[in-house]
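Asker: Below is one structure. I have some questions about it.
Here, each number is a calculation from the coordinates, and none is a lab measurement. All values reported here derive from a predicted model rather than from experimental measurement. No Cβ is skipped: glycine too gets one built from the backbone with ideal geometry, and neighbour counts run over all protein chains shown.
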């Protein structure tokens, strides 16, 4: 037991802890997710976050200590997003044919996501900086933080809203699409994926990729479009509205 305690103290104080803990928890969560038939409620990202957060609270390990190792995985987010371009390249012919409807759908979806969040926040009487932090909730977290800072919101709060939005979309998307009667043919998967990428950004796109290749490709496209559109339109809208 003393040797185990010494080993734990050593590992918890080194970058190896954060890296190992993240990989181990995700591998286990993904195995359970696969065993359960990829049920939305068993999303490995959700349970990995809960497990790691709970572990840090129970052990008293500071987040900076954990992130000193987890930052190596965080760095891979950039290459992972770039890799999403490959399925789009494989479908470039059909994207050329549909570029106008897709752009219109992305614009309307982004406007609906931002406007509904802002109006709901105002209706609930939330402080103005919180309302402005809600606007980019359907954009991937790093971009949402930058947009929130530009429009006078709170970047850290915007990141929380973005993660929660992504989780809710990934968990509820399947049930909503089934209730709407969306098919599971190629067109149906494309619609499901594009909707997930529009409303639930990277977490939704990850869920779509796990379920179907066409859904994943269109989710990646929607994710990229929302990043560009939100970065331009949300600051312009707040500037116009004053």
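Asker: Just want the ordering: 30, 201, from fewest to most Cβ atoms lying within 10 Å of their own Cβ.
Answerer: 30, 201
Asker: Okay, helix-only estimate at 222 nm for the chain: each DSSP H run of n ≥ 4 adds -39500 (n - 2.57), divide by all residues, round to 500 deg cm²/dmol; what do you get?
Answerer: -28500 deg cm²/dmol
Asker: Would you calculate the separation in nanometres between label points at residue 71 and residue 103, each defined as 7 Å from the Cα along the Cα-to-beta-carbon direction?
Answerer: 4.0 nm
Asker: Something else: Going by how many other Cβ atoms sit within 10 Å of their own, how do 191, 168 line up, fewest first?
Answerer: Least to most surrounded, the residues fall as 168, 191.
Asker: Using Cα atoms only, what is the angle between the long axis of helix 155-179 and the major principal axis of the chain, expressed in degrees (0 to 90) to the nearest 10?
Answerer: Roughly 70 degrees, rounded to the nearest 10.
Asker: Let me ask you something else. Using Cα pairs closer than 8 Å and at least 6 residues apart in sequence, work out the relative contact order for segment 181-242, in percent.
Answerer: Relative contact order comes out at 30 percent.
Asker: Could you tell me the relative contact order of the chain? Use alpha-carbon pairs under 8 Å, at least six residues apart, and round to a whole percent. Numbers along the way, then the final one.
Answerer: Numbers: 304 pairs, mean separation 41.3, N = 242.
17 percent.
Asker: Sort 129, 185 so the one with the fewest other Cβ atoms within 10 Å of its own Cβ comes first.
Answerer: 185, 129
Asker: Here is a further query. For a label point 7 Å from the Cα of residue 156 along Cα→C-beta, name the residues of segment 114-130 whose backbone N is under 20 Å from it.
Answerer: Answer for segment 114-130: 127-130.
Asker: From the square roots a ≥ b ≥ c of the eigenvalues of the alpha-carbon gyration tensor of segment 59-167, which class results: rounded (a/c under 1.5), prolate (a/b over b/c), or oblate? Spell out each step's value before the answer.
Answerer: Values: a/c = 3.01, a/b = 1.13, b/c = 2.67.
It is oblate, given that a/c is not under 1.5 and a/b is not larger than b/c.
Asker: Evaluate the distance, in nm, between pseudo-label points positioned 7 Å from the Cα of residue 41 and of residue 126 along their respective Cα→Cβ axes.
Answerer: 2.6 nm
Asker: While we're here: Normalised by the number of residues in segment 89-205, what is the relative contact order in percent for Cα pairs under 8 Å and 6+ residues apart?
Answerer: Relative contact order of segment 89-205: 23 percent.
Asker: Would you mind checking the tilt of helix 141-151 against the longest principal axis of the Cα atoms of the chain, expressed as 0 to 90 degrees and rounded to 10?
Answerer: In the chain, helix 141-151 runs at an angle near 60 degrees to the longest axis.
Asker: What's the center-to-center distance, using Cα atoms, between segment 52-70 and segment 169-183 in Å?
Answerer: Computed from Cα coordinates, the inter-centre distance equals 34 Å.
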